[in-house]
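We did not get these values from a lab; they are worked out from the coordinates using the rules stated. Treat the numbers as computed from the prediction; the structure is a model and nothing was measured. Neighbour counts are summed over all protein chains in view; Cβ atoms, including those assigned to glycine, are modelled from backbone coordinates with ideal geometry.
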């Protein structure tokens, strides 16, 4: 789920999209393009949830991306600690 992508970043475990021995590799360095690609992996399953986030990443500002991620966290009751993290980092910059 999208929350896992957010929490993985918070924990410094950004998914790279690469696999090794059947396991998805992670990196401590955030990559906005890879985050976007990982979001798109969920698009066919959860289009109504993913669309506003990727739309903000495609055409919006950092503030709009944070707003959409914040809304996702609140709408799904993931907690205010996660909300604080979402607004504390940049999502469009590596």
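If one computes P(r) from the Cα atoms of region 43-94, what percent of pairs lie at distances over 17 Å? Walk me through the numbers before you get to the answer.
On the way: 466 of 1326 pairs.
Distances greater than 17 Å cover 35 percent of the Cα pairs.
What number, in percent, do you get for the relative contact order of the chain if the mean sequence gap of Cα pairs under 8 Å and at least 6 apart is divided by its residue count?
Here the relative contact order equals 25 percent.
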If the convex hull is drawn through the Cα atoms of the chain, its volume per residue in Å³: 93 Å³
Degrees, to the nearest 10: 62-75 long Cα axis against longest axis of the chain: 90 degrees
Burial order of peptide ranges 61-73, 78-90, 45-57 (average beta-carbon count within 10 Å, highest first): 61-73, 45-57, 78-90
